[in-house]
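The block underneath contains the structure these notes are about, expressed in structure tokens.
The values are calculated or read from the model by the stated rules, or taken from the named source; none is laboratory data. Quick caveat: nothing in here was measured; it's all calculated off a predicted structure. For neighbour counting, all protein chains shown are included, and Cβ atoms are generated from backbone atoms with ideal geometry for every residue, glycine included. Areas reflect the complete protein model, heavy atoms only, side chains present, ligands, DNA and RNA absent. Shrake-Rupley method; radii C 1.70, N 1.55, O 1.52, S 1.80 Å.
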Amino acid sequence: MRSAPTPHLDVATPERVALTLPVAGIGYRCLAWLVDASLLFFFWLIAYFVFTLLVSDVLGVFQGLSGVAQTLMVVGVFATQWLYWTVSEVLFHGQTVGKRALGIRVVRWDGSPVGVYESAVRNLCRAVDFLPMLYAAACVSMLLTRQHRRLGDLLAGTLLVREERIDLDKYTAAPEAAAPVTSAEGARTLTPEDVELVLSFLSRAPGLAPDVRQRLGARLVERVGPPDAASLAAVLASAESTEAFLRARVQGAR
Amino acid sequence: MATPLPAYVARRRQDWDALQALLTRQRAGTLKLDELRTLDTLYRRASADLAHTQTFYPGTDAHRFLNQLCGQAYAAIYQPPRERWPAVRDFFRREFPATLRRERGFVGASAALFILGLVLGAVVVLWEPQGAELLVPSGVRHYVAQGRMWTDDILSVAPPNSVASGIATNNLTVTIVTFATGLTFGLGTLFLLVNNGVHIGAITALCAREGMVGGLLDFIAAHGPVELSILVIAGGAGLMVGQSLIDPGELPRGQALALRGREAVKLVLGCAPFLALIGVVEGYVSPGDLFPTWMKAGLGFALGALFWGYLLRAGRTDAEAAGTPDDSAS
């Protein structure tokens, strides 16, 4: 049995099932922040040009607007500095644009979605997490805590969980039409690990170098129980026949 | 022994896909009532499947997939009630003032620290004029040496509405930082409170020596009472955070911190709209000679009295007025 190697969040649901959600590490979080920061940067680059256009009043039609524009500029800088994070986390189920791009999400320590208070706390604390420069305090805190939480997360009682894109198609991919070898009836039943191993090999096989593909296939055939000596040669004759045998083998009991 | 994994996945996959589709629509907020019931049923089935895979196929991709699916469905089904407008109204009508009254010890301590700084700064400058070079920013010293108020120039550089919004956002930032630095075991908040007090005390004393205290009071009178109150309240919130770190009580430090953080941020969020309003006063009313001093002072006292009247009276229930013990007295 393989236990979760990475830090994780355990949640006991009222249905008496234990959920184990993977926690997003420092790398994911830094990348997500970079995405958000560059988004805000480009937003302000554009806003700045519009603003200077209004103030310098090249076209002479914005006379009355420049005061309003300055107000908007000041309020806008404040909003991107403090409000952007909280507003998007509350409205988009714990995700800012960067977090969505990286597939991570803010949740409370019990796995439920963040509310206004939690999101406000963790984002107001960016002021401290940023100290002394470039989120140094946050990085130290993330490295020291078990679930990679920065100071704002500790204060708000939140953490970030990762959402993986898991492809279930590999389990249900149809066996190749004309499987030359039938599965070996009566062989030992495969453990889930064997099935997993074979399936991941099959999904990767087309991308492998021919000799590696052949060699790995042969070792897997050995592992899941070789057919009798007569058909062994036929199975190992080509990569295609080897993989057809393996596919038939893991889906044998259907 | 259970069925082989691929067969199991093939048999159950339809339900999982349906649940995933429903969750996507739930996030978009376009679910009907009967679909919601289906979501609930499918979630329960997926939970059962998760328990099944946990036992028979642990560590496989199918297990991880169900983990994630159930996690998303769990978040959707057991999400806390949304804060909507009635909740906001209730927050300002009852919760914010009630929290402040409950945590009055911290706000009092914060006020004491601020006043300590004020007195220190004033005493140093009155006693030893050289101290002003250390404590008062050079720009302000420059103006005072010329016998002018630095605040007179605020209006001449920009139209007043952008001044007001600039002041409001700057004050908000100062407030937030004062609160957030409570995470440094309260030391940051402590420093900022005393430091701000020293600055203001030193500037006042310097103006008094140069015979300009009238001008300073003229500038401060309208917005000072409320603005400094809010700084003190945010300082109180920062001290709450620091206290929970130093003395978490019976809870683990992390939980105590999260619990107190939720309370503390209420104080900061509650102050935000008042800071924005007082920024408008500071931008429009305080600088210049548009309003006579007595009018500014009157406005300042009225606003201060209103603010504190609201904080001390609003949403006071009979039980609280009768003096029942607080649930979080610390």
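Scanning the range A:83-96 for residues that are more than 7 Å from chain B (Cβ to nearest Cβ) and not polar (S, T, N, Q) returns A:Leu83, A:Tyr84, A:Trp85, A:Val87, A:Glu89, A:Val90, A:Leu91, A:Phe92, A:Gly94.
So in the range B:245-266, with the set limited to residues that are touching a residue at least 60 places away in the same chain (Cβ under 8 Å) and buried (at least 24 other Cβ atoms within 10 Å of the Cβ), which one is nearest to the other protein chains (Cβ to nearest Cβ)? Among those that are touching a residue at least 60 places away in the same chain (Cβ under 8 Å) and buried (at least 24 other Cβ atoms within 10 Å of the Cβ), it is B:Val265.
Residue-by-condition table, conditions (1) within 18 Å of B:Leu66 (Cα to Cα); (2) within 14 Å of chain B (Cβ to nearest Cβ); (3) at pLDDT 90 or above:
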site	(1), (2), (3)
A:Ser3	yes, yes, no
A:Thr6	yes, yes, no
A:Leu21	yes, yes, no
A:Arg29	no, no, yes
A:Ala32	no, no, yes
A:Ser38	no, no, yes
A:Tyr48	no, no, no
A:Phe51	no, yes, no
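Of everything in the range B:171-206 that is within 11 Å of chain A (Cβ to nearest Cβ) and free of Cβ contacts under 8 Å to residues at least 40 places away in the same chain, the residue that is farthest from B:Met149 (Cα to Cα) is B:Val177. Out of B:Gly242, B:Gly236, B:Gly197, B:Gly211, report the one residue that is in contact with a Leu (Cβ under 6 Å, 6 or more places away or on another chain) and either part of a loop (DSSP other than H, G, I, E, B) or open to solvent by less than 10 Å² (accessible area, probe 1.4 Å) (or both). Only one candidate passes the filter, namely B:Gly197. Where helices (runs of 4 or more DSSP H) fall wholly inside the range A:124-203, the ranges with 1 or more residues that are modelled with pLDDT of 80 or more and more than 30 Å from B:Thr3 (Cβ to Cβ) are A:126-129, A:136-144, A:151-156. Of all residues assigned to the range B:274-289, at least one qualifies as being surrounded by 12 or more Cβ atoms within 10 Å (Cβ to Cβ) and at pLDDT 90 or above.
Restricting attention to the range A:80-118, the residues being more than 19 Å from A:Leu155 (Cα to Cα) and open to solvent by 30 Å² or more (accessible area, probe 1.4 Å) number 9. Take the range A:131-153 and flag every residue that is facing chain B (nearest Cβ under 10 Å) and over 22 Å from the mean Cα position of the chain (by Cα). The answer is A:Leu131, A:Ala137, A:Leu151.
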